[in-house]
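Colleague: The structure is given below, and queries will be raised subsequently.
The values are calculated or read from the model by the stated rules, or taken from the named source; none is laboratory data. Predicted, not measured: the structure shown is a model, and the values here were computed from it. With ideal geometry, Cβ positions are generated from the backbone for all residues, glycine too; neighbour counts draw on all protein chains shown. We work out accessible area using only protein heavy atoms, side chains counted, and drop any ligands, DNA or RNA first. Shrake-Rupley method; radii C 1.70, N 1.55, O 1.52, S 1.80 Å.
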Amino acid sequence: MVVVMNERATEAEIQAVVAQLVEMGFDVHRSTGVNRTVIGAVGNGVGDPQLLEVQGGVQEVLRITEPYKLASRTFKPDNSVITIGDVRIGGDEVVVMAGPCSAESEEQVETTAAAVKRAGAKVLRGGAFKPRSSPYSFQGLGEPGLKMLRAAADRHDLRLITEVMEIGQIEVVERYSDIFQVGARNMQNFSLLRELGRTRKPVMVKRGISATIEEWLLSAEYVLAGGNTDVMLCERGIRTFESYTRNTLDISAIPVVQKLSHLPVIVDPSHGTGRRDKVAAMARASVAAGADGLIIEVHNDPDHARSDGAQSMFPQQFERLMAELRIIAPAIGRSICVETVARRGWSR
Ligand code: PEP
Ligand code: MN
């Protein structure tokens with residue numbers, strides 16, 4: 001249930017409601033909005049909503065009918081904005097994350113990071129722990145890969161997103177990365193999600209290969225329920241009967257999720273299509289459909305990439321795409337970064 005306080009509610013009234021909910025046995029999550037405070041009560045508490053309705057400062061008590069609570073718009077009507085240094089995800093600006101599928105070498109990471117920065121990306125992507133369908137495929141460089149990614153991100157004033165595959169990797173990934181990526185194959189690794197809920201770094205939850213939107217939002221709920229409010233979702237294509245593309249990118253998921261939830265939605269057109277010649281069209285469509293960000297695979301030499309080369313863009317293709325996105329974004333009241341020169345001074 002959600003207790004919506006009125007605009008003039010005092011801090012003492014808010015605290016009284018929180019105390020009453022705790023007494024009823026609920027886990028309490030507070031969301032302090034621009035105009036009013038909303039208090040979410042989740043878990044196995046028992047209480048009569050009418051008792052809360054008559055408390056001072058309470059405007060209304062709503063039942064959240066969706067199975068996910070903290071991820072729902074009923075709990076938080078305003079869009080969530082995730083701030084990492086000077087990067088804001090979920091605001092007016094469409095944030096572009098780009099980089100290789102995997103960190104492979106110092107030179108590859110550095111060259112690619114420089115190229116995506118020049119084109120206007122704000123976040124460097126790259127995996128050091130790779131979930132591969134085959135145990136014989138390249139599994140990532142591990143910690144040395146994380147070091148390369150962090151150093152390149154710092155040199156180019158980029159934030160860093162990288163995948164964490166298991167609980168035992170959280171500590172080392174947290175040391176180097178600004179955003180935890182939960183891969184499609186791990187979307188329902190509930191113990192990992194719970195543990196990430198205890199961290200205080202943003203988490204991007206990719207949609208599972210055959211996950212419904214509701215299941216995806218419930219995965220985000222696991223992280224939120226642990227107290228980590230900085231969660232974003234990533235549509236990366238789902239498995240359908242179509243085999244021409246690697247996956248079917250569900251563009252309609254963008255407006256659907258934005259109606260149901262306040263969490264930012266990022267789109268990954270690289271895994272969504274699996275083919276570099278289809279990535280630009282899907283990236284443009286995603287921005288037009290209202291995506292809050294994109295995550296795109298770019299490689300300095302994609303033909304020799306150790307993973308996902310066929311879907312990785314050449315740096316020049318990415319630069320051109322960014323120029324196109326800068327034309328599309330303003331048509332729907334959004335913007336895309338034009339900054340090309342590294343700014344110093346941001347510290348983690
Ligand atoms: C990736 O981002 O390189 C990746 C493995 O993505 P996904 O989990 O969506 O397959
Ligand atoms: Mn990949």
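Colleague: Being assigned to a helix (DSSP H, G or I), in contact with a helix residue (DSSP H, G or I) (Cβ under 7 Å, 6 or more places away or on another chain) and open to solvent by 10 Å² or more (accessible area, probe 1.4 Å) is the filter here, so list the residues in the stretch 168-207 that pass it.
Modeller: The answer is I170, V172, Y176, N186, F190, S191, R194, E195.
Colleague: Across the stretch 22-41, what is the number of residues that are open to solvent by less than 20 Å² (accessible area, probe 1.4 Å) and not polar (S, T, N, Q)?
Modeller: 4
Colleague: Out of (1) farther than 17 Å from D178 by Cα; (2) touching a helix residue (DSSP H, G or I) at 6+ places or on another chain (Cβ under 7 Å), what's the single condition that is false for R132?
Modeller: Condition not satisfied by R132: (2).
Colleague: If only one of R8, R88 is among the charged types (D, E, K, R) and assigned to a loop (DSSP other than H, G, I, E, B), which one is it?
Modeller: R8
Colleague: Does the stretch 68-80 contain any residue that is surrounded by 14 or more Cβ atoms within 10 Å (Cβ to Cβ) and under 30 Å from A152 (Cβ atoms)?
Modeller: Within the stretch 68-80 (the criterion being surrounded by 14 or more Cβ atoms within 10 Å (Cβ to Cβ) and under 30 Å from A152 (Cβ atoms)), the answer is yes, since at least one residue qualifies.
Colleague: Right, here's the next one. Please note which strands (runs of 3 or more DSSP E) are completely contained in the stretch 228-302 and include at least 2 residues that are crowded, with 24+ Cβ neighbours inside 10 Å and away from ligand 2 (no atom under 16 Å from the Cβ).
Modeller: In the stretch 228-302, 231-235 are the strands (runs of 3 or more DSSP E) which contain 2 or more residues that are crowded, with 24+ Cβ neighbours inside 10 Å and away from ligand 2 (no atom under 16 Å from the Cβ).
Colleague: More than 16 Å from ligand 1 (Cβ to nearest atom), touching a Gly at 6+ places or on another chain (Cβ under 7 Å) and open to solvent by less than 40 Å² (accessible area, probe 1.4 Å), is that true of I332?
Modeller: So I332 does not fit the description; no.
Colleague: Residues in the stretch 92-111 that are more than 16 Å from ligand 2 (Cβ to nearest atom) and either aromatic (F, W, Y) or open to solvent by 10 Å² or more (accessible area, probe 1.4 Å) (or both): how many?
Modeller: 7
Colleague: Could you look through the stretch 122-167, keep only residues that are part of a helix (DSSP H, G or I) and open to solvent by 20 Å² or more (accessible area, probe 1.4 Å), and pick out the one that is nearest to L196 (Cα to Cα)?
Modeller: Within the stretch 122-167, the match that is nearest to L196 (Cα to Cα) is I167.
Colleague: Evaluate the stretch 210-223: report whether one residue or more is on the phi < 0 side of the Ramachandran plot, within 16 Å of ligand 2 (Cβ to nearest atom), open to solvent by less than 20 Å² (accessible area, probe 1.4 Å) and not β-branched (V, I, T).
Modeller: Taking every residue of the stretch 210-223 in turn, none turns out to be on the phi < 0 side of the Ramachandran plot, within 16 Å of ligand 2 (Cβ to nearest atom), open to solvent by less than 20 Å² (accessible area, probe 1.4 Å) and not β-branched (V, I, T).
Colleague: Determine which member of the set V279, V298, V287, V267 is within 16 Å of ligand 1 (Cβ to nearest atom) and under 16 Å from the mean Cα position of the chain (by Cα).
Modeller: Only one candidate passes the filter, namely V267.
Colleague: Continuing with this model, one more query. In the stretch 40-55, is there at least one residue being without any contact (Cβ under 8 Å) to a residue 40 or more places away in the chain and in contact with a His (Cβ under 6 Å, 6 or more places away or on another chain)?
Modeller: yes
Colleague: So, one more: What are the residues in the stretch 16-55 that are assigned to a helix (DSSP H, G or I) and over 31 Å from the mean Cα position of the chain (by Cα), if any?
Modeller: A16, V17, A19, Q20, E23, P49, Q50, L51, L52, E53
Colleague: Pairs needed: first member in the stretch 176-195, more than 11 Å from V164 (Cβ to Cβ) and within 8 Å of ligand 1 (Cβ to nearest atom); second member anywhere, part of a loop (DSSP other than H, G, I, E, B) and charged (D, E, K, R); C-beta distance under 8 Å; at least 6 residues apart or different chains.
Modeller: A184/R207; A184/R236
Colleague: Looking only at the stretch 120-142, decide whether some residue is of a type outside the set (A, V, I, L, M), touching a Gly at 6+ places or on another chain (Cβ under 6 Å) and farther than 17 Å from V172 by Cβ.
Modeller: yes
Colleague: Does the stretch 86-97 include one or more residues that are within 16 Å of ligand 1 (Cβ to nearest atom) and not β-branched (V, I, T)?
Modeller: yes
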